[in-house]
1. Regarding Ala147, is this residue part of a helix (DSSP H, G or I), in contact (Cβ under 8 Å) with a residue 12 or more places away in the chain and buried (at least 23 other Cβ atoms within 10 Å of the Cβ)?
2. Residues that are within 22 Å of the chain's Cα centre (by Cα) and at pLDDT 90 or above: find the helices (runs of 4 or more DSSP H) completely inside region 1-78 holding 2 or more of those.
3. Does region 208-218 hold any residues that are open to solvent by less than 10 Å² (accessible area, probe 1.4 Å) and either part of a helix (DSSP H, G or I) or on the phi < 0 side of the Ramachandran plot (or both), and which are they?
4. Being touching an Asp or Glu at 6+ places or on another chain (Cβ under 8 Å), closer than 22 Å to Leu178 by Cβ and hydroxyl-bearing (Ser, Thr, Tyr) is true for just one of Ser29, Ser74. Which residue is that?
5. Restricting attention to region 368-378, does a residue exist that is surrounded by 20 or more Cβ atoms within 10 Å (Cβ to Cβ) and in a helix (DSSP H, G or I)?
6. Could you please tell me which pairs satisfy a Cβ distance under 8 Å, a separation of 6+ or placement on different chains, a first residue in region 92-107 that is at positive phi and surrounded by 13 or more Cβ atoms within 10 Å (Cβ to Cβ), and a second residue that is part of a loop (DSSP other than H, G, I, E, B) and hydrophobic (A, V, I, L, M, F, W, C)?
7. Identify all residues within region 159-169 that are closer than 14 Å to Leu216 by Cβ and either open to solvent by 50 Å² or more (accessible area, probe 1.4 Å) or part of a loop (DSSP other than H, G, I, E, B) (or both); write none if there are none.
Amino acid sequence: MANREHGIHSGSNPARKLYRVVTRIETLSAVYILLLCAAFVLETRGHRNLFYLLGLPVFIINLYALKARGLWRSHLVRLAAIYVGYFLAAGFFGSGFDWDEMGDLLRVAALLAVFFAITALLAAREPRLEYRLYFCLSLTAAASLLALFAGVLSGLVTPGLRLTAFGLASHEVIGATLYGFVALVSVFVLLPRASGRAERLLWLGIAVLCAIFMVLSGSRGPLLSLAGALAIGLVSANRRVAAVAIALGAAVLLAAALAELRPVTALYERTQSGHFELWRQALAAIAERPWFGYGSLTDIMFTGKYGPQRSPHNLLLANQIYGGLPATLLLAALLGYAVWLAVRHLRRGQAIYLVLLLYGLAASLFDSRSLLQNLGREWITLWLPIALLAAGELRGGNGPEAADPAS
């Protein structure tokens, strides 16, 4: 049997024994999966405290044990490092420079780098991590939604016009984006690998449950992104299960509309949310400083429908505003190479990487300010798929088994 430890195996003192426990693949995998699943349970502060107290120490120790210098064998890791490095450098120019703000940006970049590195190294070392992660995420999300719906039906939870959930999903748009992610992994990874009818119904039911929440949240951007991702699945792989999911989703939406549920009717009754006006102002700001932008620490206020806002609610526009043309070219290189790798997986029958990557990117076009954010939605919907693709590069395998998330 293969030894599951990847650290130092000799010695008997308590510190060395603790090191051996912490650096076991099973321990690292459990902590990693717990941290991501907690996003559906803990609010932002509690989630970040969990990361600082448990995730970060374990991750840092394992970076040494997993020999993190091997990351540079991945072209995707190099592109991500160059992009983040330039974005940090862009903070030094522009009127918004402040040492406290720069220190905070450096802290966020360091935390993100640790998460990205651990994801790539762990997934490269443990190919079944992806399946286990998707399995646990789906069950945690389903349990959270069932508790929410039970609370609403029993009167313990009073929903607003737009339904919100627990954890990071307490914001309707962030929640819809996260549950859309879960719906996709349920449809494209868990459902095709189900061993029987009961298990197929379980994963299909979770996908539908997530879709119901997305509809009730009244978040149009994530819903459009989900529809596009499912369409990609229809024309690429797993067409039968994607078609079933789309049909059930359409039936849920129709039934909710016929029942005159307010969040559903609000989807089409609501006026423009103000995105087009924000984008127009962002384009005007870009036209004034197109080459190197305003600096990644500069706060530019936009006049939105609901008052002044710091974000144009579009990742690509925000990236150009803060970092100028070099930031746009570097982000295009990073995402373009990631898409190319995802297409290679698609040709081997693994649609999930392309589906998740394009879903995260599409969702970011409606509500995102930067890829350099503290622990939150972007870590799951964008950085996670990119890091998993980097893990495929580190594994170096070209066969289907080498990169199958369910193998």
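1. It is false that Ala147 is part of a helix (DSSP H, G or I), in contact (Cβ under 8 Å) with a residue 12 or more places away in the chain and buried (at least 23 other Cβ atoms within 10 Å of the Cβ).
2. Values: elements: 14-22, 25-37, 44-50, 56-65.
In region 1-78, 25-37, 44-50, 56-65 are the helices (runs of 4 or more DSSP H) which contain 2 or more residues that are within 22 Å of the chain's Cα centre (by Cα) and at pLDDT 90 or above.
3. Taking region 208-218 first, the residues open to solvent by less than 10 Å² (accessible area, probe 1.4 Å) are 210, 213-214, 217-218.
The answer is Cys210, Phe213, Met214, Ser217.
4. Ser29
5. yes
6. Gly94/Leu297
7. Scanning region 159-169 gives Pro159, Gly160, Leu161, Arg162, Leu163, Thr164, Ala165.
Residue-by-condition table, conditions (1) crowded, with 19+ Cβ neighbours inside 10 Å; (2) touching a Ser or Thr at 6+ places or on another chain (Cβ under 7 Å):
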position	(1), (2)
Gly175	yes, yes
Val182	yes, yes
Val185	yes, yes
Val189	yes, no
Arg200	no, no
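The values are calculated or read from the model by the stated rules, or taken from the named source; none is laboratory data. Since the structure is predicted, the reported quantities are computational estimates derived from the model, not experimental observations. All Cβ positions, even for glycine, are placed from backbone atoms using ideal geometry, and neighbour counts span all protein chains on display. Surface areas here come from the heavy atoms of the whole protein model, side chains and all, with no ligands, DNA or RNA. Shrake-Rupley method; radii C 1.70, N 1.55, O 1.52, S 1.80 Å.
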